[in-house]
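**Student:** Sharing a structure here in structure tokens format.
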Amino acid sequence: MTEEPYKIESGIPIPPIAAGKDGMQKRGSRYPIEKLRVGDSFLYLIDESDPRSELDKLRLAQSRFGVLALRVKRRTGRLFTTQRVRESGKWGLRVWRLA
């Protein structure tokens, strides 16, 4: 007879979750997207220690910020756009608040 890989337990309390207005778990963002005013922007520089190509890293960053911007738009109505940029010889992604 084989031993089960997981032990079933009872009586373990579920820890409380800090929820926001929309019921989603509230986590602090490491990016200042929530603090941007219309016309403001910030630059996300690509991590040069990452072994992936610069284009792959830019695509991944653009995808992540797109998802984040969509969540903020659904919750607050704010609009954002992103653009790949090269500033001071380094590639990055600039995020602007439009509305």
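Throughout, read-outs are computed from the coordinates displayed, never taken from laboratory work. The shown structure was predicted, so the numbers you read here are calculated from the model rather than taken from an experiment. For neighbour counting, all protein chains shown are included, and Cβ atoms are generated from backbone atoms with ideal geometry for every residue, glycine included.
**Student:** Under the rule of at least 5 residues apart or a separate chain, name every residue whose amide H is placed under 5 Å from the amide H of Leu79.
**Tutor:** Distant-sequence amide H within range of Leu79: Leu98, Ala99.
**Student:** Follow-up question, since we're still on this one. Only counting other Cβ atoms within 10 Å, I'd like Thr82, Thr76, Thr2 sorted with the fewest neighbours first.
**Tutor:** Lowest to highest Cβ neighbour count: Thr2, Thr76, Thr82.
**Student:** Give me the angle, in degrees from 0 to 90, between the Cα long axis of helix 54-76 and the longest principal axis of the Cα atoms of the chain, rounded to the nearest 10.
**Tutor:** Taking the Cα atoms of the chain, the angle to 54-76 is about 70 degrees.
**Student:** Using 0.36 nm times the number of residues separating Ser53 and Glu3, minus their current alpha carbon distance, what extension gain do you get?
**Tutor:** Extra length available between Ser53 and Glu3 comes to 13.5 nm.
**Student:** Return the calculated 222 nm mean residue ellipticity for the chain, to the nearest 500 deg cm²/dmol, obtained by summing -39500 (n - 2.57) across DSSP H runs with n ≥ 4 and dividing by the residue count.
**Tutor:** So the helix-based figure for the chain works out to -8000 deg cm²/dmol.
**Student:** Here's another thing I want to ask about it. Give me Ile33, Ile14 sorted ascending by neighbouring Cβ count inside 10 Å, so fewest comes first.
**Tutor:** Least crowded to most crowded, the residues run Ile14, Ile33.
**Student:** From the phi angles alone, apply the Karplus equation (6.51, -1.76, 1.60; θ = phi - 60°) to segment 3-13 and give each ³J(HN,Hα) in whole Hz, x where the residue is Gly or Pro.
**Tutor:** 7, 5, x, 10, 9, 7, 10, 10, x, 8, x
**Student:** How high is the relative contact order of segment 32-97, given as a whole-number percent (alpha carbon pairs under 8 Å, six or more residues apart)?
**Tutor:** Relative contact order comes out at 48 percent.
**Student:** Show log10 I(q)/I(0) for the chain at q = 0.12, 0.14, 0.16, 0.19 Å⁻¹, two decimals, from a solvent-free Debye sum over equal Cα scatterers.
**Tutor:** Result of the Debye calculation: -0.57, -0.67, -0.77, -0.95.
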